[in-house]
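Here is the structure we will look at, set down as structure tokens.
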Amino acid sequence: MIIVMRQDASREAAEDVAKRVEALGLKPNLIFGEERTVVAVIGDDRRKDREKFESCEGVDKVLTILAEYKIASLETKPEPTVIRTQNLVIGGGNFGVIAGPCSVESEEQILASARAVKAAGATGLRGGAFKPRTSPYSFQGMKEDGLKLLAAAREETGLAIVTEVMTPHHVDLVASYADVMQIGARNMQNYHLLQAVGECDKPVMLKRGASATMDEFLLAAEYILDQGNQQVMLCERGIRTFESHTRFTLPLASVPYLKSKTHLPVVIDPSHGTGHANLVPSMCSASVAVKADGMIVEVHPDPSNAMSDGAQSLTFKTFEATMQECRKIADAIGLTLH
């Protein structure tokens, strides 16, 4: 159930309604939109009495939300959520570009990458300090030393840092360095981790699990939103199918579908979605064309010697050419590319 406040209702009136919700043993989530404030009521449906709220000061109407994902639903917040951190802007007609290597490998590598992707037009820098790998013998990342190098790259370039957090007890550490906390596909349904990032004040990029349905994806986002963190973006990074010509199958139809269901911005990962560097530029262009809200791309100074995901990483030169093509498409369809 959501309680929609009148446009002229004060913040105090919305907070009073939230207190009434708590008094009934239910959980209120205050959502302050551009035009209206909404109180999402979460909990046992048997305790939800519309009449108790319809007469409250400042209340316009009380509605029942049919979707399982309550806070993420367009019914709760019809205007798009916009994520802003450093110079990175994602959502609401803004196409944000995040680029950089799969893993932080050295100071020279991450600084060179940061300079190159910024020069090409990116406003976010990706780089893994903690790396979840299929094999326990593969490179696991530089951990806090990698986070420090990312912070140094931000200090020099001003790029927003996007990096993965893998466990609840790493959340505070990663949040102290990162601008955006990434939840990888393997952890999409790690509910304790989702709740932990939901309690912090940093934007979260939630990647879709390789076998997750759309409803499962949105309900995973709901775990973060339910803890009070409204700065969530969804990342489509491809799903596992019977096809073997690509690493995963990248379903770009996810973008218009998600936009018909949720106010959360949608980001595309064409690197993991294809697994082959020669396919990435076309999927970057396609991501802009379907009006995604951003993309996250792997770029490396020497892909053939990368410690992880070299086969799907673009060179600096190819990334620059890709950005030029994406900008043309963005200009043609009215998106602002950052």
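The values are calculated or read from the model by the stated rules, or taken from the named source; none is laboratory data. Keep in mind the model is a prediction, meaning the values are calculated, not measured. Neighbour counts are summed over all protein chains in view; Cβ atoms, including those assigned to glycine, are modelled from backbone coordinates with ideal geometry. The protein model used for the area step is the full one, side chains on, heavy atoms only, and it has no ligands, DNA or RNA in it. Shrake-Rupley method; radii C 1.70, N 1.55, O 1.52, S 1.80 Å.
Among the residues of segment 135-146, those identified as out of contact with any helix residue (DSSP H, G or I) (no Cβ under 7 Å at 6 or more places or on another chain) and either part of a helix (DSSP H, G or I) or without any contact (Cβ under 8 Å) to a residue 12 or more places away in the chain (or both) are SER135, PRO136, TYR137, GLN140, ASP145, GLY146. Taking ARG84, is it outside any loop (DSSP other than H, G, I, E, B), of a type in the set (D, E, K, R), closer than 30 Å to LEU335 by Cβ and touching a residue at least 40 places away in the same chain (Cβ under 8 Å)? Judged against the criteria, ARG84 is not a match. In the set (1) over 30 Å from THR318 (Cα atoms); (2) in contact (Cβ under 8 Å) with a residue 40 or more places away in the chain, GLY43 fails one condition alone, (2). Of everything in segment 229-249 that is in contact with a strand residue (DSSP E or B) (Cβ under 7 Å, 6 or more places away or on another chain) and part of a loop (DSSP other than H, G, I, E, B), the residue that is surrounded by the most Cβ atoms within 10 Å (Cβ to Cβ) is GLY238.
Filtering segment 199-246 to residues that are in contact (Cβ under 8 Å) with a residue 24 or more places away in the chain and of a type in the set (Phe, Trp, Tyr) leaves PHE217, TYR223.
Confirm whether THR76 is closer than 30 Å to ALA292 by Cβ, in contact (Cβ under 8 Å) with a residue 60 or more places away in the chain and crowded, with 16+ Cβ neighbours inside 10 Å. Here the answer is yes, as THR76 does meet what is asked. Of all residues in segment 202-228 being among the hydroxyl-bearing types (Ser, Thr, Tyr) and surrounded by fewer than 19 Cβ atoms within 10 Å (Cβ to Cβ), which is farthest from ASN187 (Cα to Cα)? Checked segment 202-228; the qualifying residue farthest from ASN187 (Cα to Cα) is THR213.
Looking at segment 273-327, which of its residues are open to solvent by 30 Å² or more (accessible area, probe 1.4 Å), closer than 19 Å to THR123 by Cα, of a type outside the set (Ser, Thr, Tyr) and not in a helix (DSSP H, G or I)? Passing the criteria: LYS291, PRO301. Sub-6 Å Cβ pairs linking a first residue in segment 312-337 that is closer than 15 Å to PHE95 by Cβ and touching a residue at least 12 places away in the same chain (Cβ under 8 Å) to a second residue that is among the charged types (D, E, K, R) and part of a helix (DSSP H, G or I), at least 6 apart or interchain, are LEU337/ARG327, ordered by first then second residue. Of the set (1) open to solvent by 10 Å² or more (accessible area, probe 1.4 Å); (2) out of contact with any helix residue (DSSP H, G or I) (no Cβ under 7 Å at 6 or more places or on another chain); (3) among the small types (Gly, Ala, Ser), all apply to GLY128 but (1).
Taken over segment 200-226, residues that are among the acidic types (Asp, Glu) and in a loop (DSSP other than H, G, I, E, B) amount to 1.
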